[in-house]
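Novice: Structure in structure tokens, see below.
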Amino acid sequence: MNDSSLIGIEIGGTKLQVVMGRADGEIMNRKRFLVDGNRGAEGIRQQIIQAVHILSQGAPSIAGVGVGFGGPVDRDAGCIACSHQVEGWSGFAIQSWLEELSGAPVIVDNDANVAALGEALKGAGSGLSSIFYVTLGSGVGGGTVMEGQIYHGTYPGESEIGHLRLDRNGTIVEQACSGWAVDRKIRQAVAVHPASQLATSVGNLSSGEASVLAQTLDAGCPVAQGILKETLDSLAFALSHVVHLIHPEAIVLGGGLSLLGERLRGGVESELPKWIMDVFGSGPQIKLSTLREDVVPVGALLMAGQKTMGRIV
């Protein structure tokens, strides 16, 4: 692979990233696109074709391609199981399509799994034997890496922390801890507390209200503090199940809400022990993602590298 390059692809509901890089996860070049939902999956595929063409010009031969897809995938068949955000992906044979496009072997996985690999090998989990990664974005996803390999359960998936039940009424983690959930909590709080600093910060925003949470916390707004506490409590409770089942060396927090920084990390670290059995002590290390927006592309490069070197069957 000395004279070859790898391509890493992140396909999300709002963002597409295509990078060229090395098997150690180093990104050499990249193309970023916003996803136009009205153009569906076909629009994204045209963007991928464009990016691969541009990145390949004058570059060494492509040795492999890794893909992190924002939704369930059938890894063995190389197909997209379904997309909850963009129409036109369900059942699509993305592996064979990309192999024809790139002339190289392709490996596809769920984006949270791919992100977990990135953080485990090149990010916050470097040097550790096991990590659990949770992404707190528009939704909530998870991935487990043990001894440098993504842990896979039986098809169609694993590590789906976003769908853990928080109560017997069926409330799931995604409904309590995702960016969209925090948006909803803020809207509800503003309706009840129209004179709060939170309401002032939200102003005329009609979406993405979670983006103002950090600044209102900085201002000491008690309404914002209440929303953070409620979210932290649910997240720590959910992560206690991860601890009891697999007890990783570290839990890495990523996604948009991780930009709350130490408030989020320290809050989970503080709340987690009350939900876990005494013998586990304070539980795993709680870390923030260090790769941030590069987490899926870096993980995709690492995964492609493992595939080309025969470390993934």
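Novice: With the calculation restricted to Cα positions, what are the radius of gyration and Dmax of the chain in angstrom?
Specialist: 19.9, 62
Novice: Right, next: For region 224-283, what does the equivalent ellipsoid look like in terms of its semi-axes, each the square root of 5 times an eigenvalue of the Cα gyration tensor, given largest first in whole Å? If you can, show how the numbers build up before the last one.
Specialist: On the way: eigenvalues 80, 32, 17 Å².
Equivalent-ellipsoid dimensions as semi-axes: 20, 13, 9 Å.
Novice: If you find the alpha carbon centre of region 220-270 and of region 7-52, how far apart are they in angstrom?
Specialist: A separation of 30 Å, based on Cα centres.
Novice: Could you rank the peptides 206-217, 131-142 by their average count of other C-beta atoms within 10 Å per residue, with the highest value first?
Specialist: 131-142, 206-217
Novice: Run the quick spin-label model on S90 and R165: label points 7 Å from Cα toward the beta carbon, then report their separation in nm to one decimal.
Specialist: So the two model labels end up 2.5 nm from each other.
Novice: I've got another one for you. Looking at region 127-289 from every direction and averaging, what is the projected area of its Cα convex hull in nm²?
Specialist: So the Cα hull casts an average projection of 10.4 nm².
Novice: Moving on. Can you tell me which of G283, G125, G220 moves the most in a GNM of the chain? Springs connect C-alpha atoms under 10 Å apart.
Specialist: So, out of G283, G125, G220, the one fluctuating most is G220.
Novice: Set the bar at 29 Å for Cα to Cα. Now go through K15/K185; K31/K122; K122/K229; K122/K274; K229/K287; K185/K274 and name every pair that lies beyond it.
Specialist: As for pairs spanning more than 29 Å Cα to Cα, those are K122/K229; K122/K274.
Novice: Could you calculate the FRET efficiency of A59 with E158 from 1/(1 + (r/R0)^6), where r is the beta carbon distance between them and R0 is 30 Å, rounded to 0.05?
Specialist: Efficiency computed from Cβ-Cβ geometry: 0.30.
Novice: Next up: Within 10 Å, count the other beta carbons around each residue, average over each peptide in 167-174, 238-245, 63-70, and list them highest first.
Specialist: 63-70, 238-245, 167-174
Novice: Highest first, please rank the peptides 228-234, 300-306 by the mean number of other Cβ atoms sitting within 10 Å of their residues.
Specialist: The densest-packed peptide leads the list: 300-306, 228-234.
No lab work stands behind these numbers, since they all come straight from the coordinates. Keep in mind the model is a prediction, meaning the values are calculated, not measured. We place every Cβ from the backbone using ideal geometry, glycine too, and count neighbours over all the protein chains shown.
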